[in-house]
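One structure is given below, encoded as C-alpha cells.
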Amino acid sequence: MSLFSQKKKSPVWIQKTHYMRADEFICSACGCKAKKAYKKCPRCGAQISKVKYDPSWVDEAEFVDMMFDD
C-alpha cells in the first residue's frame, strides 16, 4: 500500500461532556483543551470544522450513582 493512497484525516474537536462541570473540547491533532470549539486550534493552528462527541460522562454518572446507592 502506497503512502499516497492513504486518506489524510483532518483534525476534529472531541467534545467531552462531564457530569458535574462544563464541557471541554480537545483538539485531535495536538491535545489542546478548550472551553469551546474554535474554527482554528489556539495551540497548533489546525483548521477544524467538525466536532466528535465523546459520551464518557456516562461513566462519571455511574460512578456517582454507585457511591450514593443504598
Hits in segment 8-28 - residues which are touching a Phe, Trp or Tyr at 6+ places or on another chain (Cβ under 9 Å) and among the β-branched types (Val, Ile, Thr): Ile14, Thr17, Ile26
Counting only residues that are of a type in the set (A, V, I, L, M) and modelled with pLDDT under 70, segment 1-28 contains a total of 2
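The values are calculated or read from the model by the stated rules, or taken from the named source; none is laboratory data. Only a predicted model underlies this, so the values are computations on that prediction, with no experimental measurement involved. Glycine also receives a Cβ, built like all others from the backbone with ideal geometry; neighbour counts cover every protein chain displayed.
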